[in-house]
Amino acid sequence: MSNWNPFLISKGAIETSDGRVDFPIAEISSEKTYLMPLTQGLIEIKGPDSAKFLQGQVTCDVRELAEKTTRLGAQCNIKGRMLLCFRALQSDSERILLRIHAGLVANGLASLGKYIVFSKAKLADISPSYRYLGISGPQAAQIVKDVFAVELIKDDDWQAAGEHLIIRITENRYECWLAAQDAENLWNQMSAKATPAGQNLWDLLNIQAGIGDITPETFEAFTPQAINFQLVNGINFRKGCYTGQEIVARLHYRGTLKRHMYRFGFTGAQQIPAPGSELINADGKTVGEVILAAYTGSSSGELLASVVDDERVAIYLANNPQKLSLLALPYAIPTPNEAD
């Protein structure tokens, strides 16, 4: 089933202009559980030095992965700008997987490959070996238990179900990395118990959770702090050295951050704002950039943007006169007198 695609097998699906599968829903209900096919990339680091190598390259503490948990993290360049961000999972003592944006797999192989040459580990793009589903809603945990015989107690923890990898994001939200050969059968089982939705809804859930992403449009554009990775356990400031660590640490310990990632609502958009789109203040000055955006209606939606702190209250999308509405995040943004 290497060509598995819910668009080909499910009624009500459409194919978006960028080739993704979507299942339009008129109104999101908190009482429903949704199943979403996701477009993801997966890099494998395999060998006896896999953990040691990665520890010297990324912002999270790779040693924590041995506790059957996953971690958000980032790889930076020497200037502390993010090359990619990921969710990391260690499937055994010599194998670590990085789930990243599908459009950055080649970049990730190249940037990590520059440093792995002297390690007893190898990199591979194993994206085609898996299919990726998200499930969210009040019945998500029960469906995961029924289909995979998996029950996860803590957020970010994972379990294997045969060749499949199941990750608990929150109590009602899971990522499923499915072995490609079984994906169609599992999609059929799960979609019989949940309402099919699309990547847009998954992106919206990430926006509401305050979890940003790096895309080809924002490659090398932001420090980890500029998209709040210090507030979602994506940076460990005690782990030791890694590429870009000096810049990331300086921003933290000297308290020089003047921008953070905020959540906004937008209306009147003719199309969804792309990552990297500029945000302006009333004088037309660029004061922020879009990280991730998703629709909530035909011309309205929500977005995450990295914004100069003092400009967050009165801010606009370029070429859109409607002021953005500042929305709450599930964590607190530090004030200028507090350390991140």
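See the values below:
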{"quantity": "Amide hydrogen neighbours beyond the local backbone of N236, cut-off 5 Å, H modeled", "calculated": "C60, D61"}
{"quantity": "Size of charge dipole - the chain - debye, nearest 20, with Cβ of Lys, Arg +1 and Asp, Glu -1, no other charges", "calculated": "680"}
{"quantity": "Lys/Arg +1, Asp/Glu -1 at C-beta; region 44-164 dipole; positive extreme among G80, A102, I153", "calculated": "G80"}
{"quantity": "Cα shape, the chain, gyration tensor, a/c 1.5 rule", "calculated": "oblate"}
{"quantity": "Check: region 258-330 dipole with +1 on Lys, Arg Cβ and -1 on Asp, Glu Cβ, in debye", "calculated": "80"}
{"quantity": "GluC sites (Glu not before Pro) restricted to DSSP loop in region 62-107 with at most 10 other C-beta within 10 Å", "calculated": "none"}
{"quantity": "Helix-derived mean residue ellipticity, 222 nm - over the chain, DSSP H n ≥ 4, -39500 (n - 2.57), to 500", "calculated": "-5000 deg cm²/dmol"}
{"quantity": "Separation between Cα centres of region 162-223 and region 263-340, rounded to whole Å", "calculated": "24"}
{"quantity": "Gain in span if fully extended, S325 to E171, counting 0.36 nm per residue against the direct Cα distance", "calculated": "52.6 nm"}
{"quantity": "Burial ranking of peptide ranges 125-137, 33-45 (average Cβ count within 10 Å, highest at the top)", "calculated": "33-45, 125-137"}
{"quantity": "Dipole moment magnitude, nearest 20 debye, region 207-335 about Cα centre, only Lys, Arg, Asp, Glu C-beta charged", "calculated": "420"}
{"quantity": "In order through region 284-294: 3J(HN,Hα) via Karplus (6.51 cos²θ - 1.76 cosθ + 1.60), integer Hz, x for Gly, Pro", "calculated": "x, 7, 5, 10, x, 9, 6, 9, 7, 9, 8"}
{"quantity": "Placed amide H near D157: partners under 5 Å, 5+ positions off or other chain", "calculated": "T70, R168"}
{"quantity": "Relative packing of peptides 274-286, 300-312 - highest average C-beta neighbours within 10 Å first", "calculated": "300-312, 274-286"}
{"quantity": "Within straight-line cross-link reach of K154, lysines at Cα separation under 27 Å, skipping those fewer than 8 residues along the same chain", "calculated": "K32, K46, K52, K68, K145, K193, K239"}
{"quantity": "Inter-label distance for A332 and S91, nm, one decimal - labels placed 7 Å from Cα along Cα-to-Cβ", "calculated": "4.1"}
{"quantity": "Per-residue HN-Hα couplings for region 196-210 [Karplus 6.51, -1.76, 1.60; θ = phi - 60°; Hz; x = Gly/Pro]", "calculated": "x, 9, x, 4, 4, 5, 4, 4, 4, 5, 5, 4, 5, 8, x"}
{"quantity": "V117-R63 pseudo-label distance in nm [points 7 Å out on the Cα-to-Cβ vector]", "calculated": "2.9"}
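Values in this text are rule-based calculations from the coordinates and carry no lab data. Here the structure is a predicted model, which means the values were calculated and not measured. No Cβ is skipped: glycine too gets one built from the backbone with ideal geometry, and neighbour counts run over all protein chains shown.
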